[in-house]
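Engineer: One structure follows; several queries about it will come next.
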Amino acid sequence: MHVRSSVLVRSALLLVLGLSLCASQRGRAQWNPLNPVVTYEQQPNALNVRLRGGLLRIEVDAPDVLHVTYTLAGSSRPPRPSDHVLVKTAWPSAAFNVTEDAKAITLTTDKLKVVLDHESGALQYFSAAGQPLTSDSARTLHPEEVNGEQTFRAEVDFAVYGSHEGFYGLGQHQAGVWNYRGEEVDLSQENTEIAIPLLVSTNGYGIFWNNPSRSRFNNRFIHSLYMTAEVADRIDYYFLYGPDADQIVGRYREMTGEVPLFGRWAYGFWQCKNKYQSQTDLETVAAKYRTLHIPADNIVQDWFWWANMGEMKWNDHYPDPQGLIDTLHKEHFHLMVSVWPYFRPGSAVYDEFDRKGWFVAKTVTGGFHPVGQALYDATDPEARRQYWANLNTALFQKGVDAWWLDTDEPETEGRADNILTEHRIALGSGARYANVFPLFHAEGVSLGQQASSDQKRVFILSRSAYAGSQRLGVTAWSGDVLSDWLTFQRQVPAGLNYAISGMPYWTTDIGGFISGGNLNDPQFRELFVRWFEFGAFSPIFRVHGTRYPNENELWSYGPDAQKILTDYDTLRYRLLPYIYSQAWQITANHGTLMRPLVMDWRNDVAAQNTADEYLFGPAILVSPVYTQGATTRNVYLPKAQWYDFWTGEKLAGSQRIVADAPLAKLPLYVHAGSIVPMGPAMEWSTEKPADPIELRIYPGADGDFTLYEDENDNYNYTKGAHATIALHWNDAAKTLTLGAREGSFPGMLMTRTFKVVVIGKDHGTGIGETTSPNATVNYTGEKLEVRP
């Protein structure tokens with residue numbers, strides 16, 4: 001234990017004055033209340049510091065992961081647990097050193113240096129090489145009463161270094177903003193707004209704000225970043241050092257849960273609309289897809305298929321649910337069904353939940369919620385178990401394949417605030433846990449299904465999510481968005497910020513949901529086609545929306561549009577070997593499929609501020625066209641050599657170009673050094689083995705790709721039932737090496753054909769198969785080299 005009396009004397013004098021001018025390495029001066037160091041103690045895994053106002057703890061979880069907490073002096077409240085969000089709370093020992101001089105205490109790891117100022121109590125973060133990252137210059141806990149509970153509002157003031165530092169993440173938000181520098185963002189669950197409390201900076205660090213109450217990111221004063229929480233007993237955040245975003249995302253997933261692999265079918269095309277009205281509707285649409293040979297894997301039954309909300313009983317328009325499911329499965333369709341967390345009176349299920357006290361509130365009003373409708377308490381473990389039991393009996397055991405967890409923010413229609421903020425839940429005050437409802441709701445369904453069967457991978461489509469939702473098989477969609485060009489444009493930065501928040505699976509209602517669109521209006525058809533092109537290069541590929549007349553199938557938009565839509569649908573299926581292999585990288589190596597340019601070009605200011613382009617996987621640059629009537633598109637090509645996907649033309653990077661973009665053409669570019677595997681055209685994802693595979697090689701740099709395969713839809717892959725083939729292109733030698741196959745699984749092709757195509761002008765381009773590959777290889781699992 002160490003005490004610095006001289007520091008205390010100076011600090012006490014300044015505290016009498018109330019404020020001190022604290023000059024930090026931010027390059028500015030700010031009036032901040034002093035919170036000087038009194039004593040400190042080094043523990044095996046942390047530095048505990050007694051400040052004048054409270055206890056600061058810097059826990060060293062890893063050389064690049066620090067857990068920082070601050071509680072007030074004399075607080076009788078025990079530290080709160082991590083609110084079921086974190087799955088990793090125990091870390092192996094990480095080496096660190098603590099030194100002291102007259103001005104500061106310094107904690108050093110292999111990756112970070114943290115300097116604690118004696119007089120102010122401010123923390124300054126540096127990389128091990130001495131690069132300033134940020135500083136935590138003031139942390140305060142303001143007494144508040146929230147929802148009848150005596151608590152605190154937490155606030156931390158972080159520094160911003162340099163004019164070009166960019167901020168990203170924080171979930172999904174719909175203001176059309178990509179870089180949050182100079183912006184303010186509320187972290188509060190709403191329809192179309194998803195709160196994920198992970199911030200990523202181009203300075204090389206991330207902050208995971210470990211508080212599930214409503215919070216706020218505020219950088220309106222551009223030199224300071226304030227993070228606040230509405231309800232807190234302590235300040236609690238994790239400081240994550242990258243410096244690249246992939247490393248920050250990797251640590252986030254390690255802390256909050258790794259991402260499981262979806263069934264292969266989930267990466268194909270999904271047919272949905274608001275809404276199919278009957279069993280006949282579903283069966284007729286599925287049959288027509290097969291008759292027209294348009295690829296599709298999933299059909300979705302939206303809301304009010306039930307007789308009474310919460311009862312999980314099909315209404316009279318679905319006279320034979322088992323027959324419906326069996327018919328769809330025979331047509332090689334999966335079925336997703338929408339379920340809500342709301343219950344209406346008039347059923348034994350409602351009565352049971354009411355009797356056992358499993359409702360948060362029974363007077364929900366507004367929108368589709370009449371007086372008397374009740375929201376169940378997903379934070380109650382018994383209520384979650386019973387909710388799943390009802391789904392299991394009525395739907396899963398009959399063969400339903402996937403779950404649409406709608407309205408699970410929970411729904412706020414007809415009211416300004418989340419309903420939890422003024423009610424008690426099983427965990428305590430709903431305001432304290434306002435953002436976690438979608439996590440608990442998905443957990444009950446996900447863990448319930450996994451306990452019921454290991455033969456069908458969980459897939460959940462959710463209108464909301466929270467940190468940790470990714471571990472439960474959740475894909476979020478962007479909510480009930482409008483059907484117009486501005487809304488479409490805003491989906492791109494919304495999805496990119498969600499992805500860099502560590503959440504790899506996301507989708508939109510292709511064509512928009514609200515205000516519909518007239519299928520006979522050429523302008524709406526154009527919007528739908530452009531949105532569909534974007535959807536083909538989204539992690540999950542799904543149409544949905546309210547239309548007039550009530551149709552939303554690909555043939556509904558006229559023959560010209562149908563041709564374009566079917567082409568992009570076919571391209572999606574040809575890319576399944578690429579997409580499924582990247583899904584494995586998400587699961588095995590913390591990968592991100594929808595990659596904002598800042599993830600790969602962090603120090604490129606133009607890339608930092610590009611809100612409307614992204615990499616799809618490691619290779620393909622996607623530039624959605626979101627302007628009505630456009631026939632060209634301004635595209636930024638970051639530093640690399642690039643190939644036009646459609647023509648094979650080679651272009652230099654670090655430049656802006658005007659790309660040709662007629663209605664049928666989404667600008668796509670592939671960077672040199674890429675290997676893109678493309679399979680045969682299919683009508684559903686498992687119609688036939690992915691053989692032969694065309695390996696498109698984009699020369700100009702060395703490249704690598706790992707081809708992944710498994711049984712397509714069970715959990716045997718977690719037990720080792722999968723296979724990978726490492727591919728390497730040596731550009732100098734013009735040689736492709738196919739590594740020895742690693743692993744195996746039942747049904748694996750022992751011998752397969754690879755058609756090697758070295759891309760050039762008008763060679764190996766577009767959607768179709770290349771008729772004259774540079775080489776054709778029979779591969780039996782042994783390592784071999786090819787000189788195409």
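Engineer: Relative contact order for the range 566-659 using alpha-carbon pairs under 8 Å, separation at least 6, rounded to a whole percent?
Structural biologist: 17 percent.
Engineer: Shifting gears a bit: Taking all protein chains as present, what is the carbon and sulfur share of the accessible area of the range 55-213, in % to the nearest whole number, probe 1.4 Å?
Structural biologist: Carbon with sulfur: 50 percent of the solvent-accessible area.
Engineer: To the nearest 0.05, how large is the calculated FRET efficiency for T632 and Q523 if R₀ is 30 Å and r is the Cβ-Cβ distance?
Structural biologist: Using R0 = 30 Å, I get an efficiency of 0.95.
Engineer: Further, regarding this structure: What number results when the radius of gyration of the range 107-163, computed over Cα atoms, is divided by 2.2 N^0.38 Å?
Structural biologist: So the Cα radius of gyration is 1.50 times the expected 2.2 N^0.38 Å.
Engineer: Could you sort the peptides 382-388, 93-99 by per-residue average Cβ neighbour count (10 Å cutoff), highest mean leading?
Structural biologist: Top of the packing list down: 382-388, 93-99.
Engineer: Express in % the proportion of alpha carbon pairs of the chain at distances exceeding 36 Å.
Structural biologist: Of the Cα pairs, 47 percent sit more than 36 Å apart.
Engineer: Take the Cα coordinates of the range 226-375, assign each an equal point scatterer, and use the Debye formula without solvent to give log10 I(q)/I(0) at q = 0.09 Å⁻¹.
Structural biologist: With no solvent term, the Cα-only Debye profile gives -0.53.
Engineer: What's the extension gain from L784 to K88 if we count 0.36 nm per residue and subtract their Cα-Cα distance?
Structural biologist: Going from the current span to full extension adds 246.4 nm.
Engineer: Show me the ranking of peptides 40-50, 740-750 by mean Cβ neighbours inside 10 Å, starting with the highest.
Structural biologist: Highest-to-lowest ranking by the protection proxy: 40-50, 740-750.
Engineer: Report, largest value first, the span of the C-alpha coordinates of the range 171-265 along each principal axis, in whole Å.
Structural biologist: Computed over the Cα atoms, the extents are 45, 33, 32 Å.
Engineer: Between T280 and A733, what is the spin-label point distance in nm, taking each point 7 Å from the Cα along the Cα→C-beta axis?
Structural biologist: With each label placed 7 Å out from Cα toward Cβ, I get 6.6 nm.
Engineer: Now for a different question. Once every Cα of the range 476-533 carries one equal point scatterer and solvent is ignored, give the base-10 log of I(q)/I(0) from the Debye formula at q = 0.20, 0.24 Å⁻¹, two decimals.
Structural biologist: -0.70, -0.93
Engineer: Same structure, new question: Once both labels are modelled 7 Å past Cα along the beta-carbon direction, what's the H763-N48 spacing in nm?
Structural biologist: Going from the H763 label point to the N48 one covers 7.0 nm.
Engineer: On to the next question. Placing +1 at every Lys and Arg Cβ and -1 at every Asp and Glu Cβ, with all other atoms neutral, what dipole size does the range 80-194 have around its Cα centre, in debye to the nearest 20?
Structural biologist: For the range 80-194, the charge dipole is close to 540 debye.
Engineer: May I pose another question? Give the peptides 166-174, 213-221 in descending order of average Cβ contacts within 10 Å, highest first.
Structural biologist: Highest mean packing first, the order is 166-174, 213-221.
Engineer: To the nearest 10 Å², what's W584's accessible area with a 1.4 Å probe?
Structural biologist: Here the residue's solvent-accessible area equals roughly 40 Å².
Engineer: Oh, and also: For the pair N589/K688, report the inter-label distance in nm, with labels modelled 7 Å from Cα in the Cβ direction.
Structural biologist: In this crude spin-label approximation the distance works out to 3.1 nm.
Engineer: List the residues of the range 343-363 whose backbone N lies under 17 Å from a point placed 7 Å from the Cα of K313 along the Cα-to-Cβ direction.
Structural biologist: 343-354
Engineer: Work out how far the C-alpha atoms of the range 347-487 reach from end to end along every principal axis, then list the three figures in whole Å, largest first.
Structural biologist: Taking max minus min along each principal axis of the Cα atoms, the range 347-487 gives 48, 42, 28 Å.
Engineer: Moving to a separate point now. Only Cα pairs under 8 Å and at least 6 apart count here; give the relative contact order of the chain as a rounded whole percent.
Structural biologist: Relative contact order comes out at 10 percent.
Engineer: Next question, about the same structure. In what order, largest first, do W404, W91 sit by accessible area if the probe radius is 1.4 Å?
Structural biologist: Reading off the accessible areas and sorting them downward yields W91, W404.
Engineer: Hey, for a label at N716 modelled as a point 7 Å past Cα toward Cβ, could you say which residues of the range 732-759 have their backbone N under 13 Å away?
Structural biologist: Zone members listed by number: 744-749.
Engineer: Same structure, new question: With every protein chain kept in place and ligands, DNA and RNA left out, what is the accessible area per residue of the chain? Probe 1.4 Å, answer in Å².
Structural biologist: Solvent-accessible surface per residue comes out at 34 Å².
Engineer: Also, quick follow-up: Output needed: percent of Cα pairs per 5 Å distance bin for the range 78-199, bins running from 0 to the one holding the longest distance.
Structural biologist: 2, 8, 11, 15, 18, 20, 14, 8, 3, 1, 0
Engineer: Right, here's the next one. How much of S429 can a 1.4 Å solvent probe reach, expressed as accessible area in Å² and rounded to 10?
Structural biologist: 0
Engineer: With the full set of protein chains in place, find how many percent of the accessible area of the range 677-788 is carbon and sulfur; take the probe as 1.4 Å.
Structural biologist: Result for the range 677-788: 47 percent of the exposed heavy-atom area is carbon or sulfur.
Engineer: To the nearest 20 Debye, how big is the dipole of the chain about its Cα centre, given +1 on the beta carbon of each Lys and Arg and -1 on that of each Asp and Glu?
Structural biologist: Roughly 1220 debye, rounded to the nearest 20.
Engineer: Could you tell me how far the Cα centroid of the range 247-272 sits from the Cα centroid of the range 667-715, in Å?
Structural biologist: Taking the Cα centre of each part, the range 667-715 and the range 247-272 sit 18 Å apart.
Engineer: Which GluC sites (Glu not before Pro) in the range 498-596 sit in a loop by DSSP (not H, G, I, E or B) and have at most 13 other Cβ atoms within 10 Å of their own Cβ?
Structural biologist: When the GluC sites (Glu not before Pro) of the range 498-596 are filtered for loop state and at most 13 Cβ neighbours within 10 Å, E551 remain.
Engineer: For the cross-link pairs K456/K688; K734/K755; K88/K783; K639/K665, which exceed 27 Å when the distance is taken from alpha carbon to alpha carbon?
Structural biologist: From the list (K456/K688; K734/K755; K88/K783; K639/K665), the Cα-Cα distance tops 27 Å for K88/K783.
Engineer: When the solvent-accessible surface of protein heavy atoms is calculated with a 1.4 angstrom probe, in what order do T735, T570 fall, highest first?
Structural biologist: The residues order as T570, T735, largest area first.
The values are calculated or read from the model by the stated rules, or taken from the named source; none is laboratory data. Just so we're clear, the structure is a prediction, and the values are computed from it rather than from any experiment. Here the Cβ is made from the backbone with ideal geometry for all residues, glycine too, and neighbour counts use every protein chain on show. With ligands, DNA and RNA removed, areas are computed over all heavy atoms of the protein, side chains included. Shrake-Rupley method; radii C 1.70, N 1.55, O 1.52, S 1.80 Å.
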